[in-house]
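*Asks:* Sharing a structure with you now.
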Amino acid sequence: MSRRRRAVVRVIPPDPLYNNVELAKFINNVMQRGKKTTAQRICYSAFEIIKEQSNREPLEVFQLALKNATPMVEVKPKRVGGATYQVPTELRPIRSEALAIRWLIRGARGRKGMPMRRGLAQELMEASRGEGTAVRRKEELHRMAEANRAFVHYRR
């Protein structure tokens with residue numbers, strides 16, 4: 001974190017096909033080594049798979065998956081008198097959305113033995129149903145925050 005000045009939040013243009021800013025951020029996170037066209041191809045073909053398998057609008061499935069994987073609180077370690085406490089803190093919307101996107105992509109990449117587009121489609125469909133690794137991760141984080149609620153007064 002810089003001591004000089006507040007970081008300027010960049011305005012991300014919406015993606016060309018669905019005209020959605022959240023999807024553009026998602027595509028940017030899928031991208032590796034600056035290959036945006038490849039990342040777009042992966043995401044859009046995953047959306048095609050979602051449309052075929054679930055007969056639902058893929059953008060709605062994506063937004064529901066993102067909503068179900070978005071955490072509200074997280075725990076941060078805080079040292080007090082030689083002991084380290086896990087202090088639950090509320091998240092800003094930008095941070096919580098970034099975590100959800102990261103978890104969805106990590107869950108899709110973690111599915112071995114299948115192409116990324118199919119893994120991403122399955123992860124998004126499971127997250128929209130309230131299942132999958134990203135949603136499990138969110139619930140685990142919420143449980144940890146609930147268990148450490150006694151230390152909330154140590155918040156910065």
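The values are calculated or read from the model by the stated rules, or taken from the named source; none is laboratory data. Not measured: the values here are computed from a predicted model. Please note: Cβ atoms are built from the backbone with ideal geometry, for glycine as well, and neighbour counts cover all protein chains shown.
*Asks:* If I ask for residues that are among the aliphatic types (A, V, I, L, M) and without any contact (Cβ under 8 Å) to a residue 40 or more places away in the chain, which ones from the stretch 9-19 would you list? Even if it seems obvious, please write down each step before you answer.
*Replies:* Taking the stretch 9-19 first, the residues among the aliphatic types (A, V, I, L, M) are 9, 11-12, 17.
Of everything in the stretch 9-19, those that are among the aliphatic types (A, V, I, L, M) and without any contact (Cβ under 8 Å) to a residue 40 or more places away in the chain turn out to be 11, 12, 17.
*Asks:* Of all the residues that make up the stretch 95-115, how many are modelled with pLDDT of 95 or more, among the aliphatic types (A, V, I, L, M) and out of contact with any Asp or Glu (no Cβ under 7 Å at 6 or more places or on another chain)?
*Replies:* Qualifying residue count, the stretch 95-115: 5.
*Asks:* Let me ask you something else. Out of the stretch 76-110, which residues are surrounded by fewer than 16 Cβ atoms within 10 Å (Cβ to Cβ), outside any strand (DSSP E or B) and of a type outside the set (A, V, I, L, M, F, W, C)?
*Replies:* 81, 82, 92, 93, 95, 102, 106, 109, 110
*Asks:* Also, I was wondering about something else. Would you tally the residues in the stretch 65-101 being closer than 13 Å to residue 148 by Cβ and under 16 Å from the mean Cα position of the chain (by Cα)?
*Replies:* Residues that pass the stated criteria total 2.
*Asks:* Let me ask something else. Just to check your reading of the model, which residue among 22, 97 is in contact with a Lys or Arg (Cβ under 8 Å, 6 or more places away or on another chain) and either at positive phi or touching a residue at least 24 places away in the same chain (Cβ under 8 Å) (or both)?
*Replies:* Matching residue, one of 22, 97: 97.
*Asks:* How many residues are buried (at least 16 other Cβ atoms within 10 Å of the Cβ) and of a type in the set (D, E, K, R) when one looks only at the stretch 137-156?
*Replies:* 2
*Asks:* Scan the stretch 21-35 for residues that are surrounded by 13 or more Cβ atoms within 10 Å (Cβ to Cβ) and basic (Lys, Arg) and jot them down.
*Replies:* 25
*Asks:* If we scan the stretch 18-28, do we find a residue that is in a loop (DSSP other than H, G, I, E, B) and among the basic types (Lys, Arg)?
*Replies:* no
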